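Enquirer: Please find one structure pasted underneath; my questions will follow.
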Amino acid sequence: MSLDWELIIFVLLLIDSVGAVLMSWFGQNWWLYTIGRFSEYFPPAKGWSAVYLILVLFIGYLMGII
């Protein structure tokens, strides 16, 4: 498998989705404290971050990367 733009985009999405899961499950207090009032509009949601990770993994499976 060569290093092409699809792989690069997939890896970036995977890093982002894993970061979202880690932040929503273990860093909620940090998010609420650091972002402040902005966190009222974008709260850390465990369910949506898990769905995001599952969708990224599914896309990687369909592309044959995983």
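Enquirer: As an exercise: evaluate SER2 against (1) among the hydroxyl-bearing types (Ser, Thr, Tyr); (2) out of contact with any Pro (no Cβ under 8 Å at 6 or more places or on another chain); (3) part of a helix (DSSP H, G or I); (4) modelled with pLDDT under 95 and give the number of the one condition it does not meet.
Expert: (3)
Enquirer: Does VAL51 fit the bill of being free of Cβ contacts under 8 Å to residues at least 24 places away in the same chain and open to solvent by less than 80 Å² (accessible area, probe 1.4 Å)?
Expert: yes
Enquirer: Moving on. Considering the range 1-29 alone, what residues qualify as being open to solvent by 90 Å² or more (accessible area, probe 1.4 Å), under 19 Å from ILE59 (Cβ atoms) and over 14 Å from the mean Cα position of the chain (by Cα)?
Expert: Across the range 1-29, the qualifying residues are MET1, LEU3, TRP5.
The values are calculated or read from the model by the stated rules, or taken from the named source; none is laboratory data. Note that the coordinates shown come from a computational prediction; the quantities given were computed from them, not determined experimentally. Note that we place each Cβ from the backbone using ideal geometry, even for glycine, and neighbour counts take in every protein chain shown. When the accessible area is computed, the model is the full protein with side chains, heavy atoms only, and any ligands, DNA or RNA have been set aside. Shrake-Rupley method; radii C 1.70, N 1.55, O 1.52, S 1.80 Å.
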